[in-house]
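What follows is one structure encoded as structure tokens, with my remarks underneath.
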Amino acid sequence: MLPAIIIAELFVLWILSRRLSQNLYIAAFLLTKSRPAAIGFLSFLFFPGTVIHELAHLFTAEILGVRTSGLTLVPEGLEEKNVKTGSVAIAQSDPVRRAIIGIAPVIVGLGTLGLLSYFLPGLWIQMRADAANNVLFASPSLYYVLLTIYSLFAVSNTMFSSPEDMEGFWPVVIVLTLVAGAAYIAGIRINLTESTSAAIATFLQSAAINIGYVAALNIGLFGLSTLLIRGVEKITGRTLVRPQ
């Protein structure tokens, strides 16, 4: 049950990341009337997540013995249809290593979200205590909470791998699934100890809560971004046709 919940949450988060980025781009474009300026704004906003995304590719490739070069963390092709906010050149490798390198940002991103979500409740409690004692703005707790929420936003909207990153991933997954299915039919089982099963269940429960946390944050931000577009349209008198 928990794996299905996590997969559903990740799918929702993936959809939200695309729609939220689109909304923010539309608002910036309506304000500036400049595509490069709007893309530059979005790249700046998501920069921490872009750094984590590209470094995940880079370090995973180096660990697996695949050569890398040309790490870029600034937008490329501003006047073209497809814009890269960051990239790293990776040498040709076998399908398995290519698949691992391609999915690395998702794994690293989920780990980062889990770490941030672990600390957020404690920071929130401290911030409320500081507010009750009228020392909110003099205490670092407020700024830690804002920084953590911003980090959750930036990482969750940049951690998903692009279609180019995922080249060769799904064939590897299909092969591994077929091998696992054949092993199951053949009667091969992996018996886990009670403590291991409990640890896995705890991990999955924590992952489901943390991802749900971030999905809820992005739902709220998506609603705010929609209101922002309407406000910008009213102020500027300009509208932009949204792609379907």
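Numbers for the structure displayed
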quantity: Amide H within-cut-off set for Thr239, under 5 Å, with H built and near neighbours excluded; calculated: none
quantity: Rough spin-label spacing in nm, given labels placed 7 Å along Cα→Cβ, for Leu136 and Val74; calculated: 3.9
quantity: Phi-based couplings in Hz for segment 27-33 (Karplus 6.51, -1.76, 1.60; Gly and Pro marked x); calculated: 4, 5, 5, 5, 6, 9, 6
quantity: In degrees, nearest ten, helix 194-236 long axis to first principal axis of the chain (Cα); calculated: 30
quantity: Nearest-ten-degree value, helix 141-156 long axis tilted from longest Cα axis of the chain; calculated: 60
quantity: Label-point gap, in nm, between Ile209 and Ile107 - each point 7 angstrom along Cα→Cβ; calculated: 2.5
quantity: Helix 35-45 vs. the chain, principal-axis angle (Cα, 0 to 90°, nearest 10); calculated: 70
quantity: Contact order relative to length of the chain, as percent, for alpha carbon pairs under 8 angstrom and 6 or more apart; calculated: 32
quantity: Residue among Leu116, Leu71, Leu147 with the largest mean-square fluctuation in a Gaussian network model of the chain, springs linking Cα atoms under 10 Å; calculated: Leu147
quantity: Amide proton proximity set for Leu71, modelled H, under 5 Å, gap of 5+; calculated: Ala89
quantity: Linear extension gain, Val175 paired with Val51, 0.36 nm per residue minus alpha-carbon span; calculated: 41.5 nm
quantity: Within the chain, longest stretch clear of exposed GluC sites (Glu not before Pro) (DSSP loop, no more than 12 other Cβ within 10 Å); calculated: 81-163
quantity: Entry for volume of the Cα convex hull per residue in Å³ (calculated from the structure that is shown) out of [x] 181; [y] 128; [z] 108; calculated: [x]
quantity: Angstrom value of the Kirkwood radius, inverse mean 1/r, which spans all Cα pairs in segment 10-116; calculated: 15.2
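Since every read-out is calculated from the coordinates, none of them should be taken as a lab result. Because the structure is predicted, anything quoted here is derived from the model rather than measured. As a convention, Cβ positions derive from the backbone with ideal geometry for all residues, glycine included, and neighbour counts pool all protein chains shown.
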